[in-house]
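Okay, so here's the structure we're looking at.
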Amino acid sequence: MSAYAVTWLAVLAASAACFAIKLAGHLVPAHWLTDPRVARIASLVTVSLLAALVGVQTVTSGPHLVLDARIPALAVAAVALVLRAPFIVVVLAAAVTAALIRSLGG
Amino acid sequence: MAGPRDPHVDSAVKQALSVSIATGLYGISFGALATVAGLDLAQTAALSLLLFSGGSQFAFIGVVGSGGSPVAAVTTAALLGVRNGLYGVQVAPLISTSWLLRPLAAQLTIDESTAVATAHREPAAVRAGFWWTGIGVFVLWNLFTMVGALVGNALGDPRRYGLDAAAAAAFLALVWPRLAGRLAQVVAGAAVLVALALTPFTPPGVPVLAAAGVAVLIGTAVPGASTAPATPTAPSDAT
């Protein structure tokens, strides 16, 4: 199978899995999930995956740890979040910061 | 829906529209980053239409873009989608929709629709908040995904425009509203450390999945109930 077809397969599988999870939530009786630990662990799994993705996207390049313009860019994004900027502004601020630093040879 | 001038419904609809616009615009960054990660226009559109959950979508392209296996990409996206299942358990009795509409309601069950729906008490306002937000975000998210994908295709080298940093910022913005509690902060810190420590030694995609294991370990081991439920904290959460 070509890499392109494999990517399509992954897109469809991820979509099917996520829809099945959503639908299951609407179909199971509510009392099945009254254990507060289930909700807590699910919430922490979300936090851990997103935080890990922040780390990996900021300081890795392939198998290497790399410190580059992405770090100041992420700091600017954090400041924007503290200032309650809309998401699109946060993302743009980070992109512009990294682009500027690189254009200056950083 | 209730009568034409129910103030609770009015306020729910207003909130739904502002959340839809804010979230929809975020779709631009998803579309651009998806094409940068190597997906074509149709694949990018399919993710927003069929998967329709921002966190899972960004995670999927993040893993694919960093060379992770398709299995790792699907698993990460599905794990991030688990919270939508818990939202469904919460909102299903509140919106009490017919069996026919249930698949549609399920597809629209995301951070934003759940947050706006559960922010209201009046049953009519809860239903209006859920449907207006769900449909509003769906339409605008898909529209702006396409805009972003076209922009991303036109840009060329992603590093020159800082799009790699934009991806990191997107994940930071997604996790930010969830870092209110001390336990969440500890888990986030541990997750970053584990992921980075594993990066030189494991295939791409594995470090992020291993971080989920950290959450399960800490969540199981730490007693007490002082953490927030799975409900999104603010209606401005990303998808």
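The values are calculated or read from the model by the stated rules, or taken from the named source; none is laboratory data. As the structure is a computational prediction, the values presented were derived from the model and not from experiment. All Cβ positions, even for glycine, are placed from backbone atoms using ideal geometry, and neighbour counts span all protein chains on display. Note: areas computed on protein heavy atoms with side chains; ligands, DNA, RNA excluded. Shrake-Rupley method; radii C 1.70, N 1.55, O 1.52, S 1.80 Å.
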Helix B:7-36 sits at what angle to the longest principal axis of chain B, using alpha carbons and giving 0 to 90 degrees rounded to 10?
20 degrees
What are the principal axis extents of the Cα atoms in the range B:1-112, in Å, biggest first?
52, 27, 20
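Would you calculate, for chain B, the mean residue ellipticity at 222 nm contributed by helices, counting each DSSP H stretch of 4 or more residues as -39,500 (n - 2.57) and dividing by all residues, to the nearest 500?
For chain B, the value works out to -23500 deg cm²/dmol.
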How long, wide and thick is the range A:34-91, going by the Cα atoms along their three principal axes, in whole angstroms, largest first?
45, 33, 14
Helix B:163-175 vs. chain B, principal-axis angle (Cα, 0 to 90°, nearest 10)
50 degrees
Across the residues of B:99-105, average count of Cβ atoms on other protein chains within 10 Å?
2
Please work out the Cα center distance from the range B:74-92 to the range A:82-102, rounded to the nearest Å.
29 Å
Name the residue from B:142, B:87, B:38 whose Cα lies farthest towards the positive end of the charge dipole of the protein assembly as shown, charges +1 on Cβ of Lys and Arg and -1 on Cβ of Asp and Glu.
B:87
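With every protein chain left in place, what is the accessible area per residue of chain A in square angstrom, probe 1.4 Å?
Accessible area per residue, chain A: 48 Å².
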Whole number please: convex hull volume per residue, Cα atoms of the range B:77-191, in Å³.
139 Å³
Would you mind giving the mean number of other chain beta-carbons within 10 Å of the Cβ of each residue in B:209-215, as a whole number?
6
Checking the a/c ratio against 1.5 first, then a/b against b/c, what shape does the Cα gyration tensor give for chain B?
oblate
If one compares the long axis through the Cα atoms of helix B:54-65 with the longest principal axis of the Cα atoms of chain B, the angle in degrees, nearest 10, works out at 20 degrees
One quarter of the convex hull surface, Cα atoms only: what value does that give for the protein assembly as shown in nm²?
17.1 nm²
Tell me, how many Å apart are the Cα centres for the range A:53-79 and for the range B:8-37?
25 Å
Mind checking the range B:120-175 for trypsin sites (Lys or Arg not before Pro) that DSSP puts in a loop (not H, G, I, E or B) and that have at most 14 other Cβ atoms within 10 Å?
B:121, B:160
Enumerate the residues in the range B:32-64 having an amide nitrogen under 15 Å from the point lying 7 Å beyond the Cα of residue A:12 toward its Cβ.
B:42-44, B:46-47, B:50-51
Diffusion constant of chain A at 37 °C, which comes from Stokes-Einstein with the Kirkwood Cα-pair radius and 0.692 mPa s, µm²/s
188 µm²/s
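With +1 on the Cβ of every Lys and Arg and -1 on the Cβ of every Asp and Glu, and nothing else charged, how large is the dipole of chain B about its Cα centre, in debye rounded to the nearest 20?
Result for chain B is approximately 240 debye, rounded to the nearest 20.
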Of all accessible heavy-atom area on the range B:77-204, the percent that carbon and sulfur account for (1.4 Å):
72 percent
Approximate spin-label separation residue A:65-residue B:139, in nm, with each point projected 7 Å along Cα-to-Cβ:
4.9 nm
Hey, if we sort B:141, B:99, B:176 by accessible area with the 1.4 Å probe, largest down, what's the order?
B:99, B:176, B:141
Can you list which of the chymotrypsin sites (Phe, Trp or Tyr not before Pro) found in the range B:159-230 are DSSP loop residues with at most 12 other C-beta atoms within 10 Å?
B:201
Give, rounded to the nearest 20 debye, the magnitude of the charge dipole that the protein assembly as shown has about its Cα centre when Lys and Arg contribute +1 at Cβ and Asp and Glu contribute -1 at Cβ.
320 debye
Sulfur and carbon atoms: percent of accessible area, the range B:1-75 [1.4 Å]:
71 percent
Rounded to the nearest 100 Å², what is the buried accessible area between B and A, both sides summed, probe 1.4 Å?
6500 Å²
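Suppose only helical runs count, i.e. DSSP H with n ≥ 4. What mean residue ellipticity at 222 nm does that imply for chain A under -39500 (n - 2.57) per run, divided by all residues and rounded to the nearest 500 deg cm²/dmol?
Using -39500 (n - 2.57) per qualifying helix, the result is -25500 deg cm²/dmol.
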Work out the mean other chain Cβ neighbour count within 10 Å for the residues of B:55-62 and drop it here as an integer.
5
